[in-house]
Amino acid sequence: MKVIVLGAGIVGVTSAYQLAKSGHEVTVVDRQKGPALETSFANAGEVSFGYCSPWAAPGIPGKAMKWLFMKHAPLILRPKLDMAMLSWMTRMLSNCTSERYAINKSRMLRLADYSRIALADLRAETGIAYDERMQGTLQLFRTQQQLEASAKDVKALAADGIPYEVLDRDGCIRFEPALKHVRDKIVGGLLTPKDETGDCFKFTNALAAKAEALGVRFAYGTTIQALDVEAGRVRGVITDRDADRERERMSAEAVVVALGSYSPLLLRPFGIKLPVYPVKGYSLTIPITDASRAPESTVMDETYKIAITRLGDRIRVGGMAEISGYTNDLGFARRSTLEHSVTDLFPGGDVSKASFWSGLRPMTPDGTPVIGPTKITGLFLNTGHGTLGWTMSTGSARLISDLVGGRTPEIDARDLAINRYR
């Protein structure tokens with residue numbers, strides 16, 4: 001079929017690659033001048049097949065109130081008169097129960113583990129390189145209370161057969177030797193050894209080149225104005241492409257929406273209510289000056305919800321959740337939080353040389369992405385991955401390729417579709 005993929009981030013590019021492998025004629029449309037220039041550009045670098053959990057969890061409402069008053073808060077709320085924000089927050093709070101957490105985490109682990117297999121296969125078939133490491137994620141606890149609270153995650157990991165190891169202080173230092181300099185600041189950790197790390201921007205650009213070699217056409221610098229729908233079937237998209245800013249219709253038999261936080265805005269005129277809302281995250285990228293004081297893989301600082309990841313000769317420090325709508329300004333108070341976390345655990349680095357970035361993560365209220373068909377024939381969604389777009393991209397791409405092609409997916413995808421929000 002002739003398929004248009006909307007969005008050239010990690011999810012859009014992996015989708016295009018898989019669709020092309022399945023024999024479709026694929027065009028990717030994106031307003032940017034190249035792939036991975038928005039949310040996929042400088043994310044935390046985690047590929048977290050085991051360390052993936054819904055933000056909506058038991059106890060989060062109480063924690064959120066405390067976080068709002070912390071100097072280095074993992075959550076920042078800038079309320080505004082925005083019904084989409086209010087609706088999303090209300091739905092998220094309704095998912096903060098033990099029952100909903102278990103359901104949502106199980107969905108996420110299922111897709112993440114499928115993505116682990118898909119990424120390994122893709123790496124083997126393409127030889128793609130992206131500063132990758134396969135050394136796991138260490139969720140680091142500074143207090144005994146945090147260590148004890150991890151029991152619910154351990155239970156979920158065990159139920160889904162995901163490898164894990166609960167570590168004491170010495171075990172954490174064996175895994176990440178640089179932590180010996182701050183041993184008194186930690187009590188233990190939860191290791192998920194199958195997790196990986198890598199530069200999402202490098203990966204997406206390299207895979208885009210592989211996709212082009214398969215015949216995928218990339219229409220960069222192209223603004224998507226609307227979907228072209230007729231008699232309940234998608235016919236393509238309407239874009240604004242050339243110097244005269246004239247409208248152009250791009251025809252297709254199927255359209256995959258992978259526009260992250262902007263997906264709901266495109267779908268709203270057609271009565272598709274997609275509960276995806278932007279949650280801004282921040283990152284620092286710091287050159288390594290002393291390898292003995294740098295992490296070997298990913299350390300997740302549980303206190304501040306910040307990931308500290310080794311990417312080649314750099315450290316990526318990413319995290320925080322700022323709910324402030326579609327604003328993507330750089331809040332320099334957030335830089336202070338990132339600097340505090342990394343220098344507190346890995347002292348000795350020169351944060352003055354760091355580059356500072358922010359991006360809008362497309363979050364669903366339950367933490368699980370939306371993958372599958374819509375009420376409009378030929379229109380499919382692959383969006384709402386939140387902080388786990390990099391982690392879940394390869395598995396999501398396989399799913400959407402199967403669904404577009406009318407094949408039965410290798411894993412159950414029925415509870416990932418938009419109709420779960422009815």
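The values are calculated or read from the model by the stated rules, or taken from the named source; none is laboratory data. A quick note: this is a predicted structure, and the numbers were derived from the prediction, not measured. Here Cβ is always computed from backbone atoms with ideal geometry, including for glycine, and neighbour counts include all displayed protein chains. Ligands, DNA and RNA are excluded from the accessible area calculation, which covers all protein heavy atoms including side chains. Shrake-Rupley method; radii C 1.70, N 1.55, O 1.52, S 1.80 Å.
Brief remarks on what is shown
- Tally of residues being in a loop (DSSP other than H, G, I, E, B), in contact (Cβ under 8 Å) with a residue 24 or more places away in the chain and open to solvent by 80 Å² or more (accessible area, probe 1.4 Å) across region 80-91: 1
- Some residue of region 22-32 being open to solvent by less than 40 Å² (accessible area, probe 1.4 Å), touching a residue at least 12 places away in the same chain (Cβ under 8 Å) and farther than 21 Å from ARG398 by Cβ: yes
- Of all residues in region 210-232, those that are of a type outside the set (Asp, Glu), more than 24 Å from the chain's Cα centre (by Cα) and open to solvent by 60 Å² or more (accessible area, probe 1.4 Å) total 5.
- When SER401, SER393 are checked against the criterion of being farther than 27 Å from ALA57 by Cα, outside any loop (DSSP other than H, G, I, E, B) and open to solvent by less than 30 Å² (accessible area, probe 1.4 Å), SER401 stands alone in meeting it.
- Checklist (1) in contact with a Ser or Thr (Cβ under 9 Å, 6 or more places away or on another chain); (2) assigned to a strand (DSSP E or B) applied to GLY372, failing item: (1)
- A Cβ distance below 6 Å, combined with a sequence gap of six or more or placement on separate chains, defines the contacts here; from region 221-243, residues that are under 19 Å from MET1 (Cβ atoms) and of a type in the set (Phe, Trp, Tyr) reach no residue that is open to solvent by 10 Å² or more (accessible area, probe 1.4 Å) and not in a loop (DSSP other than H, G, I, E, B).
- Test: residue in region 337-346 that is in a loop (DSSP other than H, G, I, E, B) and over 22 Å from VAL276 (Cα atoms): yes
- For region 304-336, a residue qualifies if it is aliphatic (A, V, I, L, M), within 16 Å of ASN43 (Cα to Cα) and either under 16 Å from the mean Cα position of the chain (by Cα) or not in a strand (DSSP E or B) (or both), and the qualifying residues are ILE306, ALA307, ILE308, VAL317, MET320, ALA321, LEU330.
- Only residues that are out of contact with any Pro (no Cβ under 7 Å at 6 or more places or on another chain) and crowded, with 21+ Cβ neighbours inside 10 Å were counted in region 54-65, giving 3.
- Residues of region 404-422 that are basic (Lys, Arg) and not in a helix (DSSP H, G or I): ARG407, ARG422.
- Some residue of region 340-348 being surrounded by fewer than 16 Cβ atoms within 10 Å (Cβ to Cβ) and over 21 Å from LEU140 (Cα atoms): no
- Among the residues of region 328-382, just one is of a type in the set (Ser, Thr, Tyr) and in contact with an Asp or Glu (Cβ under 7 Å, 6 or more places away or on another chain), namely SER341.
- Candidates SER292, SER324, SER283: the one that is under 30 Å from PRO177 (Cα atoms), of a type in the set (Ser, Thr, Tyr) and open to solvent by less than 30 Å² (accessible area, probe 1.4 Å) is SER283.
- Of all residues in region 183-194, those that are more than 14 Å from VAL154 (Cα to Cα) and aliphatic (A, V, I, L, M) have Cβ atoms under 8 Å from Cβ atoms of residues that are open to solvent by 10 Å² or more (accessible area, probe 1.4 Å) and part of a helix (DSSP H, G or I), 6 or more apart or on another chain, in ILE186/ARG169; VAL187/GLN144; VAL187/GLN146; VAL187/LEU147; VAL187/ARG169.
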